Amino acid sequence: MKRICVFCGASEGARPAYAEAARQLGAELVARGLGLVYGGCAVGMMGVLANAVLSRGGEVIGVIPQALASRELAHPGLTELRVVSSMHERKATMASLVDGFAVLPGGLGTLDETFEALTWAQLGIHAKPIGALNVEGYWNGLRAVIEHAVRERFVSPAYAGLLLFADTPTDLLERLAAWRAPEVLRA
């Protein structure tokens, strides 16, 4: 692995633990020599994460749609900032630059990015690991929804297993590094 894409919120959320988890993940990325690819914003969890990596000398590539960049949300100090035309292009560009995906707490955009990465894996568009950092149980509801979809036979257990969960940045990155695509993705 050389780079990880991290999906996370443009807000810091209600709990200080969320921003602290972003700082810890940033530090762990740099300690492992992994570059960061993310949404390119200077605000919220995104800004906290990017600053944590940059302050330790790590590589940070931001990918941001022009509409957001022109609202002065783009981070001014990144290693590289790619301005794209749409959210679709943003997600495709981020996916093309990385070896795996990590998900921090976030809102609808974070959920959209996560589900698109999962869907692309299910469809065989990529075979990269996807893991959620379950800060103070933030993703427990998502895990329950996926388990419910499996019970109701809308999602196969093999595809439900595409989303890894971890409680610490260290555990998350270790699980991403150890992940091997299930047989269903290698066919």
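Values quoted throughout were computed directly from the atomic coordinates according to the rules given, and no laboratory measurement underlies them. None of the values given here were measured: they were computed from a predicted structure. Don't worry about glycine lacking a Cβ; one is built from the backbone with ideal geometry, like all the others, and counts go over all protein chains shown.
Tabulated values for the structure
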{"read-out": "Per-region count, segment 140-181, residues crowded, with 16+ Cβ neighbours inside 10 Å and not in a helix (DSSP H, G or I)", "value": "7"}
{"read-out": "Check on MET94, crowded, with 16+ Cβ neighbours inside 10 Å and under 12 Å from the mean Cα position of the chain (by Cα)", "value": "yes"}
{"read-out": "Given (1) closer than 18 Å to ALA177 by Cβ; (2) crowded, with 19+ Cβ neighbours inside 10 Å; (3) out of contact with any strand residue (DSSP E or B) (no Cβ under 7 Å at 6 or more places or on another chain), index of the condition PRO105 fails", "value": "(1)"}
{"read-out": "Any hit, segment 118-127, residues being surrounded by 15 or more Cβ atoms within 10 Å (Cβ to Cβ) and part of a loop (DSSP other than H, G, I, E, B)", "value": "yes"}
{"read-out": "Any strands (runs of 3 or more DSSP E) falling wholly within segment 1-77 and containing at least 1 residues that are surrounded by fewer than 22 Cβ atoms within 10 Å (Cβ to Cβ), of a type in the set (Phe, Trp, Tyr) and touching a residue at least 60 places away in the same chain (Cβ under 8 Å)", "value": "none"}
{"read-out": "GLU72 being closer than 21 Å to GLU12 by Cβ, out of contact with any Ser or Thr (no Cβ under 6 Å at 6 or more places or on another chain) and acidic (Asp, Glu)", "value": "yes"}
{"read-out": "Count of segment 92-115 residues which are touching a Lys or Arg at 6+ places or on another chain (Cβ under 9 Å) and outside any helix (DSSP H, G or I)", "value": "6"}
